[in-house]
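Written below as structure tokens is the structure these notes are about.
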Amino acid sequence: MKTWALSKRVAKEILRDPLTVGFGVGFPVILLFLLSAIQANIPVDLFAIETLAPGMAVFGFSFVTLFSATLLAKDRESAFLQRLYTMPLRATDFIISYTLPILPIALAQSLVCYLAAVLLGLPVTVSLLAAVLFLLPAALLFTAFGLLFGSVLTVKQAGGICGALFTNLTAWLSGIWFDLELVGGVFQKTADLLPFVHAVELERAVLKGNYAAAFPHFWWVTAYAAVVFLLAVYLFLRQMKK
Amino acid sequence: MEAIRVSGLTKKYKDCTAVDRLDLTVEQGELFGLLGVNGAGKTTTIKMLSCLAKPQEGDAFLMGHSIVTDPAGVKKIIGVSPQETAVAPNLTVEENLLLMCGLHGFSKEKREKQMARFSQQLGLSQVLRKRAIKLSGGWQRRLSIAMALVGEPEILFLDEPTLGLDVLARSELWDVIRALKGKLTMMLTTHYMEEAEALCDRVGIMKNGRLLALGTVEELKEQTGAQRLEEAFITLVKV
């Protein structure tokens with residue numbers, strides 16, 4: 001009941017902030033329409049809707065990281081968390097409350113992105129539903145990044161690092177905007193080691209119904225999500241003890 | 001009966017001793033004021049008593065619960081209104097209060113009872129549907145105190161409750177605090193001497209983490225030969 005009360009509050013704080021919701025839902029959809037318009041005039045394989053939409057769905061999650069990190073950083077700075085730490089709540093109440101309500105928001109955001117893609121010609125298939133479900137590890141990964149950044153950064157730092165640096169890095173290293181093979185070298189190797197390109201490739205494979213190709217990426221993203229989540233929990237508990 | 005007993009409480013941050021072997025007792029139902037200039041150790045003391053910071057030495061017992069060995073027991077009987085208002089900004093006043101009820105695990109009936117009781121007691125009925133972020137500083141402070149009271153604490157900590165408020169809002173908040181007197185034990189920190197004079201049963205004056213003087217306002221004035229608490233404070237702290 002305590003976790004539920006705190007989770008509801010986290011969800012309300014996020015959903016009532018028009019800027020974060022506008023960015024999180026609106027920005028990927030606008031990009032989807034824009035790049036599809038370019039694709040209509042100058043066909044590029046990368047911007048074909050079945051390739052672009054999975055990338056945009058994953059890219060949208062970087063805003064989930066931004067708004068969850070900002071909320072947590074704000075709660076730390078405003079002493080709201082201090083107030084809660086003086087109450088008989090367990091550490092798990094906090095961790096679940098700052099994680100669980102973010103996941104449905106992230107999945108709803110990707111659903112909007114895929115619905116926009118349907119309007120742009122993405123066929124409605126069973127694979128589309130599966131693609132939404134297979135976003136779960138990526139949603140957890142980006143939520144964990146939010147918990148991690150929110151535990152260590154100030155509100156200003158969270159805005160700068162998550163809003164500019166993290167969103168750009170995840171976009172560049174995920175193969176959404178350009179083919180990583182075209183860059184090659186250290187850049188491609190780095191991108192391959194990180195989870196972002198695997199989250200996008202997982203989605204692309206599931207959308208094609210090619211589960212054999214999807215699962216290596218699935219495990220890669222899931223393992224990263226688990227590691228980042230554990231690290232985030234450690235950092236959250238550390239700031240809690242401070 | 002003692003509500004708070006502090007014994008040799010010490011908190012050090014690297015080379016700085018924020019609170020130095022503090023000894024203190026506060027009686028049940030008393031409103032105790034902690035005074036001191038910036039960095040005197042008031043907020044650190046409240047943080048230790050509310051289990052937000054661990055002491056390096058000493059202990060404190062709140063209604064018999066040790067802050068060192070039984071912080072969970074302490075957390076069940078305290079309410080804290082921090083220096084910053086610490087409200088959920090995008091939630092309405094009603095939602096903020098319901099949140100605290102939820103975090104205390106109250107049933108639906110108890111939630112409704114607490115909502116009615118504290119929105120009336122703190123005069124929040126007219127702003128229940130307003131988001132906290134839209135409230136003035138004075139209303140946010142009221143909400144902050146109401147949030148601390150919802151859990152029916154036996155001891156309430158008020159860390160600079162009127163900081164940054166205008167004269168009218170401060171006077172209104174004093175009325176709120178006065179109305180609570182005797183119903184629960186309160187510990188208040190403040191920079192405003194007139195606030196301590198108007199509200200506190202006893203005050204303790206801190207400097208460099210140590211308790212310089214302790215007594216009623218009248219006792220401190222008598223001790224220093226001062227007419228007003230402010231003069232007494234300056235005399236004691238300047239030494």
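The values are calculated or read from the model by the stated rules, or taken from the named source; none is laboratory data. This one's a predicted model, so the numbers in the text were calculated from it and none came from an experiment. Counting neighbours? That spans all protein chains shown, and the Cβs are built from the backbone with ideal geometry, glycine included. These accessible areas exclude ligands, DNA and RNA; they are computed on the full protein's heavy atoms, side chains included. Shrake-Rupley method; radii C 1.70, N 1.55, O 1.52, S 1.80 Å.
Of note:
- Cα centroid separation - region B:58-119 against region A:38-58, whole Å: 51 Å
- Evaluated with a Cβ-only charge set (Lys, Arg +1; Asp, Glu -1), region B:35-189 carries a dipole of roughly 420 debye about its Cα centre, given to the nearest 20.
- Listed by chain and number, the lysines placed with their C-alpha closer than 17 angstrom to that of residue B:238 are B:207, B:221; residues fewer than eight positions away on the same chain are left out.
- Rg/Rh for region A:191-232, where both radii come from Cα atoms and Rh is the Kirkwood radius: 1.03
- Taking amide H as placed 1.01 Å from N in the peptide plane, residue B:12 has its amide H under 5 Å from the amide H of B:18, B:56, each at least 5 places away in sequence or on another chain.
- Fraction of alpha-carbon pairs over 13 Å apart in region B:95-163 - percent: 63 percent
- Compactness of region A:62-189, taken as the C-alpha radius of gyration over 2.2 N^0.38 Å, stands at 1.26.
- With a 10 Å cut-off around each Cβ of A:1-8, the average count of Cβ atoms from other chains is 4.
- Between A and B, buried accessible area from a 1.4 angstrom probe totals roughly 2300 Å², ignoring ligands, DNA and RNA.
- Near the amide H of residue B:31, within less than 5 Å, lie the amide hydrogens of B:186, B:201, B:202, all on another chain or at least 5 residues away, with H placed in the peptide plane.
- Taking only alpha carbon atoms, the protein assembly as shown gives an Rg to Rh ratio of 1.09, where Rh is the Kirkwood radius.
- Structure remark: mean-square fluctuation, Gaussian network model of chain A, C-alpha springs under 10 Å; the largest value among A:99, A:51, A:190 belongs to A:190.
- Solvent-accessible area of the protein assembly as shown (1.4 angstrom probe, protein heavy atoms only): carbon and sulfur portion equals 61 percent.
- Annotation: residue B:234 carries an accessible surface of approximately 80 Å², with a 1.4 Å probe and no ligand, DNA or RNA atoms counted.
- Convex hull of region B:129-239 built on C-alpha atoms - directionally averaged projected area, nm²: 8.2 nm²
- Centre separation in Å (Cα based) which lies between region A:106-129 and region A:74-89: 38 Å
- Computed from point charges on the beta carbon alone (+1 for Lys and Arg, -1 for Asp and Glu), the dipole magnitude for the protein assembly as shown about its Cα centre is near 400 Debye.
- Helix content alone sets the calculated 222 nm mean residue ellipticity of the protein assembly as shown: runs of n ≥ 4 DSSP H residues at -39500 (n - 2.57) each, divided across all residues, give -18000 deg cm²/dmol.
- Heavy-atom accessible area ranking, 1.4 Å probe, most first, across B:192, B:13, A:211, A:98: B:13, A:211, B:192, A:98
- Spherically averaged projected area in nm², based on the convex hull that wraps the Cα atoms of region A:39-109: 6.4 nm²
- Per-residue Karplus couplings for region A:208-221, computed as 6.51 cos²θ - 1.76 cosθ + 1.60 with θ equal to phi - 60°, are listed in order as 7, x, 9, 6, 4, 6, 6, 5, x, 5, 4, 5, 4, 5 Hz, Gly and Pro entered as x.
- Rounded, prolate or oblate (a/c below 1.5 giving rounded, otherwise prolate when a/b exceeds b/c) for region B:1-43 by Cα gyration tensor: oblate
- For chain B, modelled as a GNM whose springs connect Cα atoms under 10 angstrom apart, the maximal fluctuation among B:109, B:194, B:154 occurs at B:109.
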